[in-house]
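To start, the structure itself, in structure tokens.
The values are calculated or read from the model by the stated rules, or taken from the named source; none is laboratory data. All of these numbers come straight from a predicted model, not from anything done at the bench. Here Cβ is always computed from backbone atoms with ideal geometry, including for glycine, and neighbour counts include all displayed protein chains. Protein only, heavy atoms only, side chains kept; ligands, DNA and RNA dropped before computing areas. Shrake-Rupley method; radii C 1.70, N 1.55, O 1.52, S 1.80 Å.
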Amino acid sequence: MTSSTVALSVRGLRKRFERPAVEGIDLTIEVGEFYGLLGPNGAGKTTTLRMIAGLLKPDLGSIQVFGIDVLGNPTAAKEQIAWLPDEPLLYDKLTVSEYLEFIAGLWRMDPRQAERNARELLERLDLWVHRDDRCEGFSRGMKQKAALAGALIHDPKLLILDEPLTGLDAAIARQVKDLLLERARAGCTIILTTHVLDVAERLVDRIGIIQSGRLLAEGTLQQLRAKAGHSDSTLEEVFLNLVAQPRALPT
Amino acid sequence: MSKAVGSKIPVLLLLILLHLIAIPMALAIKHTPSLSSRGAALGLTIGGAIVLFLMVSRSLITAVQALYARGDMDLLLSSPVSPRAFVAVRASFIAASVTMEFGVLIWPFANVFVLFGLLGWLRTYVLLPALGMLATSISLVLALTLFHVFGARRTRVIAQITSALFAAGFMILLQLPNILRSRGRNAAAATGAFTAGLPGDSAFLTPALAVLGGSVATLAVVVACAAIFGLTLRLLGGAFIRASTAAASISVGRRTRNRSDALRFHGNTRLILILKELRLIARDPWLLTQLLQQSIFLLPLGAVLWRQQGAGLPLAWGAVILLASFLASALAWITVSAEDVPELVAAAPISAERIRRVKLQAALLPILPVILLPVLVLWRSHLWFGFAVSLCALGSAVSCGLLNVHSDSLGKRSDFRLRNKGNAGRGFIELLLAGGWMLVCTAMVWLSPWR
């Protein structure tokens, strides 16, 4: 793997709050790859993603996004990244179009390009008719779609999603999944966490399983099945098997 | 030192300070000839009325907040506890908190006065809770009336304005003798004229005369207030629950402008950031009325200073410097510390310092009319004076804004009223800054060759 094909490179990442949250994680994700980071609650998934997004400083380790050092040159790295947590990052008193204009401004986009992208995303996510409505009246699903439009408007090369499907109904979840797959096919690198293992099984190219701040196992579903010793299991069975005996397995 | 203990230290210091201030006052009262019973009753009536109206001003806001609070309401209403009991607990909490707020300011004086032999002040320990219950009853009636008349969507804002008017009206009334005196009459004559206009031995003074008459009458007043409180809860408990349920079901979504077929985005990052801040402030009527409410407290100061002359000009212009400081500090707190989505801003490829600078500009923009007012009004008659006040108002606004922009504390817009809680030092520094700029202004006027 050459450095030009690497979208994200994480080495020896460590973060400690009152107790260790992330303990020496190494990750390499290729350009255009759809990567799923799975793990039980409190495993360190969100902390890892927040450090990659430049929201949290690691105690130790290095993070490179498309060859840019996130710690040394955060502004340049953030140009490439979009961050979408489970709670939509929205301003209730702004309309969707004002919100998208604000994000386009933060990412210093050309206004014409931003208008085109915004229109395309709003139409794609069925939000065009709500473009002049304030977000305060939106349902959970509409808020998540508006936040996703905000994350995608500046055409990020690395999309970081923390539980993007939490609380969405089936129809909206489908819209979001389709849009993510479309972006991945177009060359966007995506890293997401989810507790819905069926979603991970169907969406992602590679999976990393994390527990107690350490990467337990990593690979395609087939590779993980082989590691767990169950060649015809579902991801759920593989996941439960792996997290049940973390110390016994090689990473 | 634990955080809990640390946060109580300013309150303890305030209590000690008030006790110390009360000592010379107690000595002065001891050496003043006793007032007639009518004079004492009048003092007690006016004092009680002022406290009652200020209590209503405070408790009205809390009552309306309770009306809209979701929090544990669904849980409580779905439990086997009677809804009326739940309302009674909330109302008792409002009465207790408003009593404590005023008790902290009044009881230190009562303690010292009692120590100096003025035993009548012991009655404040029962009269203040009685006033708290009466004020809460009035607030509940007012809150439900506003809800009935203006509807769920507007009640919060109207209640803020009503509360501000209650507070401002009585603060101005409190200054009435000073205002009259400044019109060339002495305070005694002014107060005498005021009392002369009151009905003689009418019902107006009866409660105060009764309270001054003895403990039984005091107890009767307390029982009457408690009875009003109980009756209000009994009659309005159901209406409060119904209004609260209706408040929870209002739709908050708004359309901001007419739909257009095309999107029109601005290309300038600074303009977009400023627009976003101004939109968020302008679309939050609750916040705007909070700002108005707190600004209104400067009116009495302006009223007092209006007739005071400095270099032949009203000193009231100094209030513009104070107002600019207050507004800049408040708006800078709103734009920086109360940022709704700090994570989004932190994830953007733009430096935190640049964001802070733009936020400060956004905070100062709405204050420009206040800052320019003196120079615009006085440019024909007293240009230098107007320029000095405007310049110092700008300096004061920028320095108070900078203080808040570089503060690390985070909060929510809904916590606006409590923004200096646990950060009394910042409030004190803001006052010092405003005072300093007022001194600079005074020096500019006095030392000016064009005076």
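Residues of segment A:68-89 that are facing chain B (nearest Cβ under 8 Å) and either surrounded by fewer than 17 Cβ atoms within 10 Å (Cβ to Cβ) or hydroxyl-bearing (Ser, Thr, Tyr) (or both): A:THR75, A:ALA76. Taking the listed residues A:GLY54, A:GLY42, the one that is under 18 Å from A:LEU161 (Cα atoms), within 14 Å of chain B (Cβ to nearest Cβ), outside any helix (DSSP H, G or I) and small (Gly, Ala, Ser) is A:GLY54, with no other qualifying. For segment B:2-40, the tally of residues that are modelled with pLDDT of 85 or more and of a type in the set (D, E, K, R) stands at 0. All of (1) closer than 14 Å to A:LEU8 by Cα; (2) in contact (Cβ under 8 Å) with a residue 24 or more places away in the chain; (3) part of a loop (DSSP other than H, G, I, E, B) hold for A:LYS93 with one exception: (1). Contact map, segment B:270-288: first residue within 9 Å of another protein chain (Cβ to nearest Cβ) and farther than 15 Å from B:VAL341 by Cα, second residue of a type in the set (A, V, I, L, M, F, W, C) and part of a helix (DSSP H, G or I), Cβ cut-off under 7 Å, separation 6 or more or different chains; pairs are B:ARG270/B:VAL358; B:ILE272/A:PHE102. Of the set (1) within 11 Å of chain B (Cβ to nearest Cβ); (2) open to solvent by less than 20 Å² (accessible area, probe 1.4 Å), all apply to A:ASP92 but (2).
Results for (1) open to solvent by 40 Å² or more (accessible area, probe 1.4 Å); (2) touching a residue at least 24 places away in the same chain (Cβ under 8 Å), shown as yes or no for each residue.
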site	(1), (2)
B:VAL370	no, yes
B:VAL377	yes, no
B:LEU394	yes, yes
B:LEU402	yes, yes
B:HIS406	yes, yes
B:ARG413	no, yes
B:ARG417	yes, yes
B:ASN420	yes, no
B:ARG426	no, no
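Among the residues making up segment A:118-129, those that are in a helix (DSSP H, G or I) and more than 10 Å from chain B (Cβ to nearest Cβ) are A:GLU120, A:LEU121, A:GLU123, A:ARG124.
Within segment A:45-67, the set of residues being open to solvent by 10 Å² or more (accessible area, probe 1.4 Å) and not charged (D, E, K, R) comprises A:THR46, A:THR47, A:GLY54, A:LEU55, A:LEU56, A:PRO58, A:LEU60, A:GLY61, A:SER62, A:GLN64, A:PHE66, A:GLY67.
Yes or no, residue by residue, for (1) of a type in the set (Phe, Trp, Tyr); (2) farther than 20 Å from B:PHE265 by Cα; (3) at pLDDT below 95; (4) in contact with a Phe, Trp or Tyr (Cβ under 6 Å, 6 or more places away or on another chain):
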{"position": "A:GLY44", "(1), (2), (3), (4)": "no, yes, yes, no"}
{"position": "A:GLY72", "(1), (2), (3), (4)": "no, yes, yes, no"}
{"position": "A:ASP86", "(1), (2), (3), (4)": "no, yes, yes, no"}
{"position": "A:TRP107", "(1), (2), (3), (4)": "yes, no, yes, no"}
{"position": "A:ASP110", "(1), (2), (3), (4)": "no, no, yes, no"}
{"position": "A:GLU123", "(1), (2), (3), (4)": "no, no, yes, no"}
{"position": "A:ASP133", "(1), (2), (3), (4)": "no, no, yes, no"}
{"position": "A:GLU136", "(1), (2), (3), (4)": "no, yes, yes, no"}
{"position": "A:GLN144", "(1), (2), (3), (4)": "no, yes, yes, no"}
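Residues that are more than 14 Å from chain A (Cβ to nearest Cβ), more than 14 Å from B:MET438 (Cα to Cα) and in contact (Cβ under 8 Å) with a residue 40 or more places away in the chain within segment B:312-346 comprise B:LEU313, B:LEU327, B:ALA328, B:SER329, B:ALA330, B:LEU331, B:ALA332, B:TRP333, B:VAL336, B:SER337, listed in sequence order.
If only residues of segment A:95-109 that are within 7 Å of chain B (Cβ to nearest Cβ) and of a type outside the set (Ser, Thr, Tyr) are counted, the one that is most open to solvent (accessible area, probe 1.4 Å) is A:ARG108. Looking across B:ILE50, B:ILE46, B:ILE106, B:ILE158, one residue alone is within 30 Å of B:MET25 (Cβ to Cβ), open to solvent by 30 Å² or more (accessible area, probe 1.4 Å) and modelled with pLDDT of 80 or more. It is B:ILE106. Would a scan of segment B:362-384 turn up a residue that is under 22 Å from B:LEU291 (Cα atoms), within 14 Å of chain A (Cβ to nearest Cβ) and touching a Ser or Thr at 6+ places or on another chain (Cβ under 6 Å)? Looking through segment B:362-384, at least one residue is under 22 Å from B:LEU291 (Cα atoms), within 14 Å of chain A (Cβ to nearest Cβ) and touching a Ser or Thr at 6+ places or on another chain (Cβ under 6 Å). The number of residues in segment A:132-155 that are within 11 Å of chain B (Cβ to nearest Cβ), open to solvent by less than 10 Å² (accessible area, probe 1.4 Å) and in contact with a Ser or Thr (Cβ under 9 Å, 6 or more places away or on another chain) comes to 2. Take A:LYS177 and decide whether it is charged (D, E, K, R), more than 14 Å from chain B (Cβ to nearest Cβ), open to solvent by less than 20 Å² (accessible area, probe 1.4 Å) and in a helix (DSSP H, G or I). For A:LYS177, the condition - charged (D, E, K, R), more than 14 Å from chain B (Cβ to nearest Cβ), open to solvent by less than 20 Å² (accessible area, probe 1.4 Å) and in a helix (DSSP H, G or I) - is not met. Each residue in segment A:57-84 was checked for being closer than 25 Å to B:ILE274 by Cα and outside any strand (DSSP E or B), and 7 of them qualify.
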